[in-house]
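These notes are about the structure you will find just below.
The values are calculated or read from the model by the stated rules, or taken from the named source; none is laboratory data. Nothing here was measured: the structure is a model prediction, and the numbers come from that model. No Cβ is skipped: glycine too gets one built from the backbone with ideal geometry, and neighbour counts run over all protein chains shown. With ligands, DNA and RNA removed, areas are computed over all heavy atoms of the protein, side chains included. Shrake-Rupley method; radii C 1.70, N 1.55, O 1.52, S 1.80 Å.
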Amino acid sequence: MAASILRLGYPGRRWVLAWIDGGSCHQSGTQSGLTSNWARGQSSVAPPSLHTAQKPRKGEQKWEAVVGLEIHAQISSNSKLFSGAQVCFAAPPNSVVSFFDASLPGTLPVLNRRCVEAAVMTGLALNCHINKKSLFDRKHYFYSDLPAGYQITQQRLPIAVNGHLTYNSCIGKKRSQVTTKTVRIKQIQLEQDSGKSLHDDLRALTLIDLNRAGVGLLEVVLEPDLCCGEEAAIAVRELQLILQALGTSQANMSEGQLRVDANISVHHPGEPLGVRTEVKNLNSLRFLARAIDYEIQRQITELENGGEILNETRSFDFKLGCTMPMRDKEGKQDYRFMPEPNLPPLVLYDATSLPSDADSQQVINIDQLRDMIPELPSATRERLAQQYGILSEHSFTLLNEVGLLEFFQNVIKETRAEPKKVTNWVLNTFLCYLKQQNLAVSESPVRPAALAELLDLLDRKAISSSAAKQVFEELWKGEGKTAAQIVSEQHLELMQDQEALEQLCQTTIDEHPQVVMDVKRRNPKAINKLIGLVRKASVSRADPALIKEILEKKLSL
């Protein structure tokens, strides 16, 4: 179809304003882009609409928060869920839209095999039961970027159910204790995405881009087993890593490939759950954690002040750091779910039920997909700990930072330095420089080979630790010089002349008699001071261990 922009005009928009208490909003973040898709359909099951605070009982925990998540992951596929239109991020508006995506009369859906395989592999990786028979349904609601007036989803019988996601979090003052938690997965279902609404406030127009309409999604519904924003962010990050390891989704949140809706409520321990609110379209882990924590505190404050919690949908204002009301859900919305008449039941097979004469191109074998599952993040962490002897919290960092594990492994391949030393440099020096300049691993001016060469120089004691940091700083400037060239140009090599080093030590001893006296009096700090003076005289080119050995010999320690 020819590229075009559909325009929906309106005389004005009615906004809901809320008074924000100065102490209750979190620090604001930064985000760019137009407002997109913030009014969407909700669950047809609504809890009671109001909940009034009760006085906390003496001696019991004051409040408990309950958090459940609905996660929408875009499936990695060349074409859409029910059409042959290409999936292409940032394509010109309305340039990859088939007749079916635009809901032209007479068009029929054709199920994408790749999307089904992705859903099955994800379900297996998340310990779900895979339904050999699943059904498609129409979910009706009317919005400008949904041309058909309904979304094809799996309401009655989804493709996978009853799984669980295990995630680990680091606790303690130094974040060195690892605790394992599990969140239950209610279901995983296939569904099609809607188009994208871009709101132009200056011209009072909403622009509709249907490029995203019909793109395949995996909706992963988590049971309300979480209790705070940090837990939710860690769980979603673990799911993101699993999807990326499987290749079922790139799960890039900045491109809208992973979006989260959070259902949040608070209650007193031992009492019924409170009324929940839903915070929609959270597109970063940081915003997810902040939105949940803010909403928990907002509900507690509201109830303690004698107010009521409305069953409503809210959005997160990243600039103010707080949630804002979008619309209420007081009335039970009727989506008029009905079976999708143009799609037969989706039937899957395993090794025991596969017909002997079945064409492998026409059926999907669950067991065959199970055998294709690669190493998952939890197994990768265990392998790193066993193979390289690194700490558990270090393995978490290596996996959680995009591209860092690959960088680390490439350095390991090219250096003779011990893995622990490589880990220390990658996590404490390399990663620190990245964060200071807000760079991704792929944007680093220091390549794995350059760091490996630097570590080799350090490992064979050609340079000192302080000189190595100077070399790294020069490498970071990205001037194309190697570590060896920088060492040579700046004369950073360790002194190899034993006689010259002994002479330097003797000169330092002669010039600092008081420090020498302190050393002979067994002052533990004095020997280190003397070593520092020798190193200063050598412009940090002397090996501290060798200096100490020579000084002890000369002072008869």
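Can you classify the range 348-412 as rounded, prolate or oblate using the Cα gyration tensor, where a ≥ b ≥ c are the square roots of its eigenvalues, rounded means a/c under 1.5, and otherwise it's prolate if a/b beats b/c and oblate if not?
It comes out prolate by the Cα gyration axes.
Work out how much length GLN386 to LYS469 would gain on full extension: take 0.36 nm times their residue separation and subtract the Cα-Cα distance, in nm to one decimal.
Fully extending the segment from GLN386 to LYS469 adds 27.0 nm.
Order 365-377, 455-467 from most to least packed using the mean count of other Cβ atoms within 10 Å.
Highest to lowest by the protection proxy: 455-467, 365-377.
Give me the Kirkwood hydrodynamic radius of the range 89-228, using the inverse of the mean 1/r over all pairs of distinct Cα atoms, in Å to one decimal. Could the numbers behind the result be given before it?
Working: mean 1/r = 0.0566 Å⁻¹.
Across the range 89-228, the inverse of the average 1/r is 17.7 Å.
Counting heavy atoms of the protein chains only and a 1.4 Å probe, report the per residue accessible area for the chain as a whole number of Å².
Spelled out: the 1.4 Å probe surface of the chain, per residue, equals 51 Å².
Apply 1/(1 + (r/R0)^6) to the Cβ-Cβ distance of ASN162 and LYS520, taking R0 = 51 Å, and write down the FRET efficiency to the nearest 0.05. It would help to have the intermediate numbers written out before the result.
Values: r = 74 Å, r/R0 = 1.45.
Step by step, r from the Cβ atoms, then E = 0.10.
Tell me the label-point distance for the pair GLU375, PHE337, using the 7 Å Cα-to-Cβ offset, in nm and rounded to one decimal.
Those two pseudo-labels are separated by 4.1 nm.
Could you work out [θ]222 nm for the chain from helices alone, using -39500 (n - 2.57) per DSSP H run of at least four and dividing by all its residues? Round to the nearest 500 deg cm²/dmol.
-10000 deg cm²/dmol
Between ASN400 and LYS481, what FRET efficiency comes out of the Förster formula 1/(1 + (r/R0)^6) with R0 = 41 Å and r the beta carbon distance, rounded to 0.05?
0.85
Based on the alpha-carbon gyration tensor of the chain, what equivalent-ellipsoid semi-axes (square roots of 5 times the eigenvalues) come out, in whole Å, largest first?
Largest first, the chain gives 56, 30, 24 Å.
For the range 437-509, what are the per-bin percents of Cα-Cα distances with bins 5 Å wide, up to the bin holding the maximum?
P(r) over the range 437-509, rounded to whole percents: 3, 15, 24, 19, 14, 10, 6, 4, 3, 1.
For SER254 paired with GLN436, estimate the spin-label separation in nm (one decimal), with each label point 7 Å from Cα along the Cα-to-Cβ line.
2.1
Output the Cα-based Rg and Dmax of the range 488-557 in Å, rounding Rg to one decimal and Dmax to a whole number.
11.9, 42
Which value, in Å to one decimal place, does the Kirkwood hydrodynamic radius take for the range 194-277 when every pair of different Cα atoms is included? Could the numbers behind the result be given before it?
Numbers: mean 1/r = 0.0627 Å⁻¹.
Averaging 1/r across every pair of different Cα atoms and inverting gives 15.9 Å.
What is the pair-distance distribution P(r) of the range 93-169, computed from all Cα-Cα distances in 10 Å bins starting at 0, with each bin given as a whole percent?
Each 10 Å bin holds this share of Cα pairs: 15, 36, 29, 17, 2, 0.
Can you tell me the Rg and the Dmax, both Å, for the Cα atoms in the range 286-432?
Cα-based Rg and Dmax for the range 286-432 come out at 25.6, 69 Å.
Given the Cα-Cα distance of GLN506 and HIS491 and 0.36 nm per residue of separation, how much length would full extension add, in nm?
Roughly 3.1 nm would be gained on extension.
What is the percent carbon and sulfur in the accessible area of the range 73-115, measuring with a 1.4 Å probe over the protein chains and ignoring ligands?
Roughly 62 percent of what the probe reaches on the range 73-115 is carbon or sulfur.
Show which aspartates and glutamates lie in cross-link reach of LYS461 when reach means a straight Cα distance below 17 angstrom and same-chain residues fewer than eight apart are skipped.
Hits, sequence-local ones excluded: GLU418, GLU453, GLU493, ASP497, ASP543, GLU549.
Give me the percent of the accessible area of the range 146-267 that comes from carbon and sulfur atoms, probe 1.4 Å, all protein chains in place.
48
Ranked from highest to lowest mean number of other Cβ atoms within 10 Å per residue, what is the order of the peptides 204-216, 102-114? Write down the numbers at each step before the final one.
Working: 204-216: 22.6, 102-114: 14.0.
The packing order, highest mean first, is 204-216, 102-114.
In nm, to one decimal, how far is the SER360 label point from the THR301 one, both placed 7 Å along Cα→Cβ?
Using points 7 Å along Cα→Cβ, the separation is 6.1 nm.
As an exercise, find the ratio Rg/Rh for the range 417-557 from alpha-carbon atoms, using the Kirkwood inverse-distance average for Rh.
1.07
How much net charge surrounds PRO339 when only the other residues with a Cβ under 14 Å from the Cβ of PRO339 are counted, with Lys and Arg +1 and Asp and Glu -1? Intermediate values should be presented prior to the final figure.
Details: positive: LYS133, ARG138, LYS139, ARG156, ARG336; negative: ASP137, GLU340.
Its environment carries a net charge of +3.
Of the cross-linked pairs LYS80/LYS319; LYS319/LYS477; LYS139/LYS186, which ones have a Cα-Cα span greater than 23 Å in the structure shown?
Checking Cα-Cα distances, LYS80/LYS319; LYS319/LYS477 exceed 23 Å.
Restricting things to alpha carbons, find the Rg to Rh ratio for the range 56-145 using the Kirkwood radius for Rh.
Ratio of gyration radius to Kirkwood radius: 1.16.
How many angstrom separate the Cα center of the range 528-549 from the Cα center of the range 210-225?
Rounded to whole Å, the Cα centres lie 61 Å apart.
Using only the alpha carbon atoms of the range 210-259, find the Kirkwood hydrodynamic radius as the inverse mean reciprocal pair distance, in angstroms to one decimal.
For the range 210-259, the Kirkwood estimate is 12.2 Å.
Based on Cβ point charges of +1 for Lys and Arg and -1 for Asp and Glu, what charge dipole magnitude is obtained for the range 131-222 about its Cα centre, in debye rounded to the nearest 20?
Dipole of the range 131-222, to the nearest 20 debye: 760 debye.
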